[in-house]
2 protein chains.
Amino acid sequence: MDEETRDMFKERALIMKALAHPTRLFIVDRLGRRETCVCELVSMIGADMSTVSKHLSILKSAGIVEDEKRGLRVFYRLRWPCVLRFFDCIEGVLSAAAKERLKRYAK
Amino acid sequence: MDEETRDMFKERALIMKALAHPTRLFIVDRLGRRETCVCELVSMIGADMSTVSKHLSILKSAGIVEDEKRGLRVFYRLRWPCVLRFFDCIEGVLSAAAKERLKRYAK
DNA sequence: CTGCTGCTTGGCTATATTGCCAAATATATT
DNA sequence: AATATATTTGGCAATATAGCCAAGCAGCAG
């Protein structure tokens, strides 16, 4: 594998890493419905606001979300709704895993 | 967010985490073309075989790939080709990021 | 049985990620 | 100007991840 190819996969991995956390997946799912301010996300997630803010900044620097300040609040929006389609595929993987667990217990 | 929802996103994140590494994305890309033995992946990746094997076991326990032993070799296959479609979306995000970098330099 | 090949596992260190608190910043209100 | 609110940033300790080496295991050849 040459260096260019390596770099390409490293960049792709940065995007995937940004999505590879339960809280950030939740945020993406939420922002897929409508833009939301940090305060509202915090109350839904139940973590420290600083924690949520850092998750948002990870998503933002990956280019997945964008923000807009209006008054005191900062609203976040999903820039790439295509990431929502990941969920469908993932549900397939998960339901297959669940089926296999059932099979194993049946034995 | 209730515990059930939290667990759902935690499970989804496990799948995403399995994909959030350059080497594992490379493997998925490769397996999307044809099943491949560990030895061949090792020679393409250029890391220690034990390292590649561990990456494969992460993908396997996430349910993304499956393996089959034939003789001395173990062949890995992609179980969920839908993950390949992630790449298209990711390329969109990346090319937008590249465009923004260009804009910034032009200023 | 012995040795070889392909692969996996255990163990270890180096590095990265997470989440909280405290402090800093920005905008609105009084 | 002082205060309150919404958010971000710095710093730190706890935890998780990565990759190498060495050791173990399974299948085949002699």
Residues whose built amide H sits under 5 Å from the amide H of A:VAL65, excluding neighbours closer than 5 in sequence, are A:LYS60, A:ARG79
From the residues B:ALA97, B:LEU41, B:PRO22, which one has its Cα farthest along the dipole of chain B in the positive direction, the dipole being from +1 and -1 charges on Cβ of Lys/Arg and Asp/Glu about the Cα centre?
B:ALA97
Between copies, how close do the A:GLU4 label points come, placed 7 Å along Cα→Cβ, listed in nm from shortest?
5.1
Name the nearest-to-axis residue of chain A, judged by Cβ distance to the rotation axis taking chain A onto chain B, and quote that distance in whole Å.
A:ALA20, 2
What list of ³J(HN,Hα) values in whole Hz, one per residue of the stretch B:87-101 in order, does the Karplus curve 6.51 cos²θ - 1.76 cosθ + 1.60 (θ = phi - 60°) give from phi, with Gly and Pro shown as x?
4, 4, 5, 4, 4, x, 4, 5, 6, 5, 4, 5, 4, 5, 4
Between the stretch B:30-107 and the stretch A:29-105, how far is it from one alpha carbon centroid to the other, in angstrom?
23 Å
For peptide A:3-12, how many partner chain Cβ atoms fall within 10 Å of a residue's Cβ, on average?
5
Placing each pseudo-label 7 Å from Cα in the direction of the beta carbon, A:SER57 and B:SER61 end up separated by a distance in nanometres of 3.2 nm
Give the relative contact order (percent, whole number) for chain A; include only Cα pairs under 8 Å separated by 6+ residues.
24 percent
Sequence-distant or interchain residues sharing an amide H contact under 5 Å with B:VAL74, placed H: which?
B:VAL38, B:CYS39
Could you list, by residue number, the cysteines of chain B that have no other cysteine's beta carbon within less than 4.7 Å of their beta carbon?
B:CYS37, B:CYS39
For the stretch B:3-80, state what percent of all Cα-Cα pairs lands in each successive 10 Å bin, counting from 0 Å until the bin that includes the largest distance.
19, 51, 21, 8, 1
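Can you count the Lys pairs in the stretch A:3-80 whose Cα atoms are under 17 Å apart, with each pair 8 or more apart or on different chains?
Details: A:LYS17/A:LYS54; A:LYS17/A:LYS60; A:LYS54/A:LYS69; A:LYS60/A:LYS69.
Count of close lysine pairs: 4.
Scaled to the compact-protein estimate 2.2 N^0.38 Å, what is the alpha-carbon radius of gyration of the protein assembly as shown, rounded to two decimal places? The partial results should precede the final answer.
Values: Rg = 18.9 Å, N = 214, 2.2 N^0.38 = 16.9 Å.
This ratio for the protein assembly as shown stands at 1.12.
Please average, across the residues of A:30-43, the number of beta carbons from any other chain that are within 10 Å of each residue's own beta carbon, and give a whole number.
Working: counts 1, 0, 0, 0, 0, 0, 0, 0, 0, 0, 0, 0, 0, 1.
Mean shielding count: 0.
Taking each residue of A:62-70 in turn, how many C-beta atoms of other protein chains fall within 10 Å of its C-beta, and what is the average?
Working: counts 4, 9, 3, 0, 0, 0, 0, 0, 0.
Average per residue, whole number: 2.
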Calculate the dipole size of the protein assembly as shown relative to its Cα centre from +1 charges on Lys and Arg beta carbons and -1 charges on Asp and Glu beta carbons; express the result in debye to the nearest 20.
80 debye
Kindly report, to the nearest 10 Å², the accessible surface of B:THR5 as traced by a 1.4 Å probe over protein heavy atoms only.
40 Å²
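The values are calculated or read from the model by the stated rules, or taken from the named source; none is laboratory data. These numbers come from a predicted model, not from an experiment. Glycine also receives a Cβ, built like all others from the backbone with ideal geometry; neighbour counts cover every protein chain displayed. For accessibility, only protein heavy atoms count, side chains too; no ligands or nucleic acids. Shrake-Rupley method; radii C 1.70, N 1.55, O 1.52, S 1.80 Å.
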